[in-house]
1. Quick one: in the range A:242-279, which of the residues that are of a type in the set (S, T, N, Q), at the interface with chain B (Cβ under 9 Å from one of its Cβ atoms) and in a loop (DSSP other than H, G, I, E, B) is farthest from B:Gly137 (Cα to Cα)?
2. Can you tell me which residue is modelled with the highest pLDDT among those in the range A:278-323 that are over 26 Å from the mean Cα position of the chain (by Cα) and of a type in the set (Gly, Ala, Ser)?
3. Where the second residue is buried (at least 16 other Cβ atoms within 10 Å of the Cβ) and among the acidic types (Asp, Glu) and the first is within 12 Å of another protein chain (Cβ to nearest Cβ) and more than 9 Å from B:Trp364 (Cα to Cα) and lies in the range B:312-332, which pairs have Cβ atoms under 7 Å and are six or more apart or on separate chains?
4. List the pairs whose first member sits in the range A:194-220 and is closer than 12 Å to A:Leu180 by Cα and touching a residue at least 24 places away in the same chain (Cβ under 8 Å), whose second member is aliphatic (A, V, I, L, M) and assigned to a loop (DSSP other than H, G, I, E, B), and whose Cβ atoms are under 6 Å apart, counting only residues at least 6 apart or on separate chains?
5. Output the residues belonging to the range B:350-377 that are at pLDDT 75 or above, surrounded by 14 or more Cβ atoms within 10 Å (Cβ to Cβ) and among the small types (Gly, Ala, Ser).
6. I'd like the full set of residues that are under 20 Å from B:Ile226 (Cα atoms) and either in contact (Cβ under 8 Å) with a residue 40 or more places away in the chain or charged (D, E, K, R) (or both), limited to the range B:140-159.
7. Quick test for you: out of B:Thr247, B:Thr234, pick the one residue that is of a type in the set (Val, Ile, Thr), touching a Ser or Thr at 6+ places or on another chain (Cβ under 7 Å) and under 21 Å from B:Ser271 (Cβ atoms).
8. Within the range B:91-105, does at least one residue satisfy the condition of being farther than 13 Å from B:Ile199 by Cα, part of a helix (DSSP H, G or I), without any contact (Cβ under 8 Å) to a residue 40 or more places away in the chain and of a type in the set (A, V, I, L, M, F, W, C)?
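The values are calculated or read from the model by the stated rules, or taken from the named source; none is laboratory data. The model shown is predicted, which means the values in this text are computed figures rather than measured ones. Positions of Cβ are generated from backbone atoms using ideal geometry, with glycine treated the same way; all protein chains shown enter the neighbour counts.
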There are 2 protein chains.
Amino acid sequence: MGGVIDERSARVLLSIWFESADTTVVARVRARGALDVVNRIVSGRRSVADKRGTAGRIAEITMDEAAARAQAVYDAATRIGARYVIPGDAEWPTQLDDLGDRAPLGLWVAGAGDLRLLALRSISVVGARSATSYGEGLARELGAHLAEQGWLTVSGGAFGIDAAAHRGSLIADGATACVLAGGVDVPYPRSHADLMARIRECGVLVSETPLGGAAMRHRFLTRNRIIAALSRATVMVEAALRSGSRTTAKEAAALRRVVMAFPGPVTSPMSAGCHALIRDQGAHLVTSPREVLAFVTGELLDIPAGDAPSLAWREQRVLDAVPVRRPAPLSSIAQLAGLGTREAMAGLGMLDALGYVERRGEGWVRSSAGDGGMLAG
Amino acid sequence: MGGVIDERSARVLLSIWFESADTTVVARVRARGALDVVNRIVSGRRSVADKRGTAGRIAEITMDEAAARAQAVYDAATRIGARYVIPGDAEWPTQLDDLGDRAPLGLWVAGAGDLRLLALRSISVVGARSATSYGEGLARELGAHLAEQGWLTVSGGAFGIDAAAHRGSLIADGATACVLAGGVDVPYPRSHADLMARIRECGVLVSETPLGGAAMRHRFLTRNRIIAALSRATVMVEAALRSGSRTTAKEAAALRRVVMAFPGPVTSPMSAGCHALIRDQGAHLVTSPREVLAFVTGELLDIPAGDAPSLAWREQRVLDAVPVRRPAPLSSIAQLAGLGTREAMAGLGMLDALGYVERRGEGWVRSSAGDGGMLAG
């Protein structure tokens, strides 16, 4: 890197100067590039808002000093076998761009696997640290099944569900990714140092936190968005009502990833978070690792999870196009539904038989009892 | 009743001559009255289709004999304290009319309670005969809670979940209704004779099967539609994948009753039926008796159970009115949704922010990624 700062070095510096998820910084980096942002900061023309005075301090260093700092950080990373992956790199998981201004500036990655390739077929497994043997058994079985089917298990390396999922994957000789809140060189919890070492051998350790960074509380919360964004789906295995893993599930839902949860006994507080996710947030109830994968690969997409479970795709689309009050003619319903009139008519016939809609005069309208009901499959 | 046949006697006769759920007979009774149907049969002008030759045999009796038969049946019923409740009676639960041509011709009722009044606030509790202690505990707790809150527990008197629900209700000094497959004078299973006697004291025994009728297999299936139709909601507590109680849940769903299920460990085959009901049929997951009642009384109606859990009523209605392909103007969306333009615009704004819809030109259209997604709550 020499004395010259490139985009990667600039992102390294910004990731050190600013805490993760500083949307103002990320927004400017996305608009103008990290190099420009660093230049403005170092030259004192910084327009990056900084509530913590960090920019005030770093503004006192010169560009040469900044370049040297970046180089030193990168040299240290290289010595421990870590790399800094940024947008545009072949290894960058582009699905992280779904986070918009909340995307990480880059990710420190350590391990044998290629993060982007692995994450293409990945599922995040989340849950409680104080899991029960029931939950840990499920998580281990899930990690193993995903591995056997060639899928990456993404989790956070914590006690309980996380570790069980990672271990299940490792036992089945699969790859697993651990997204850490601290630096990839800071095993947390410490007693998982061996687990982390094995994950690094067979998969990847990932973090946006600079090397050496401690696993601090606020970093767990921001870390969760990366777990959610990396994968196509997030599965909650076991969690209490107030569990950090619920933030991951919420992130996943907001990112339109598939969200699933395993039920458990209603008498177990460690399943209450899963039940709430299914009941209140519309997460899919899953009962086996096979179902988890089937949901994600779409094999089960014909199983609707909504209010009108027995409605096939066509009927649902037609129903959406039928007015609530004033009847509409077949032609306009077909157009609204994006279907041919024959298709739409077939759908209306079925919906009529099921009691969802009724003919009125020349048109169709929803049945008065046709809202929020549920039909037999 | 004397030698004259009235509507009630006619229905008694038809219920003896024809097995329950003979939709042809019921359709004719609904159209012309039971008396007319009996008259035609007895006079030989019968137009009631009969595949089993029953009408052929009964056609040989005279009207006097028919009247005497009805009187004898009714006298026998009176002796054991049973009554035959038919549509039009003050005690007839009019919600059974939702069954249309599948409605029972009448119901034999024995017990201290008034069936219609009790059933106004009733919930059906169904599940496996070979329930676990987990399921039986939940059913008992549910029956007791419903009783404490002044609700009737409806069930089928079987081993396992049924009996536990009835008992929970009785323990809490509440009323419970047992809908039998055989006659109300034929306790089934026999070992539940004491339970049935207690139910009769504090609630009602109900059946469409004539007195003395055995609890035969096909009668259980047809009986289930009455359990489903009597109540506002059906709760499955514990059931295997192939359980008779699933037919009750399906009936309830088809009748647009609220359908709920308790989850359990995924490792328990006795919870697999509940999980399938939630996963595949859109039944509401419930975790406590309090939640069951809250769902039915509408306290939890703001908790949506569908694909778009965070959407309020207004947003859901507006979303349904937004076309999938060709953009529609605000005015037509508002009309379709049955809302004022201001309301509709507010909904569109929210849906836009959530990523469900997007403005295109002068109109609005669903976002391409806006189907089947799930949002954070």
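1. Taking the candidates together, the pick is A:Ser268.
2. Once the filter is applied, the top-ranked residue is A:Ala321.
3. Filtered contacts from the range B:312-332: B:Asp320/A:Asp320.
4. A:Leu205/A:Val184; A:Ser207/A:Leu180; A:Ser207/A:Val184; A:Ala215/A:Ala181; A:Arg219/A:Ala181; A:Phe220/A:Ala181
5. B:Gly363, B:Ser367
6. If the condition is that a residue be under 20 Å from B:Ile226 (Cα atoms) and either in contact (Cβ under 8 Å) with a residue 40 or more places away in the chain or charged (D, E, K, R) (or both), then B:Leu146, B:Trp151, B:Leu152, B:Val154, B:Ser155, B:Gly156, B:Gly157 are the ones that fit.
7. Details: B:Thr247 fails: touching a Ser or Thr at 6+ places or on another chain (Cβ under 7 Å).
Residue meeting the stated conditions: B:Thr234.
8. There is no residue in the range B:91-105 that is farther than 13 Å from B:Ile199 by Cα, part of a helix (DSSP H, G or I), without any contact (Cβ under 8 Å) to a residue 40 or more places away in the chain and of a type in the set (A, V, I, L, M, F, W, C).
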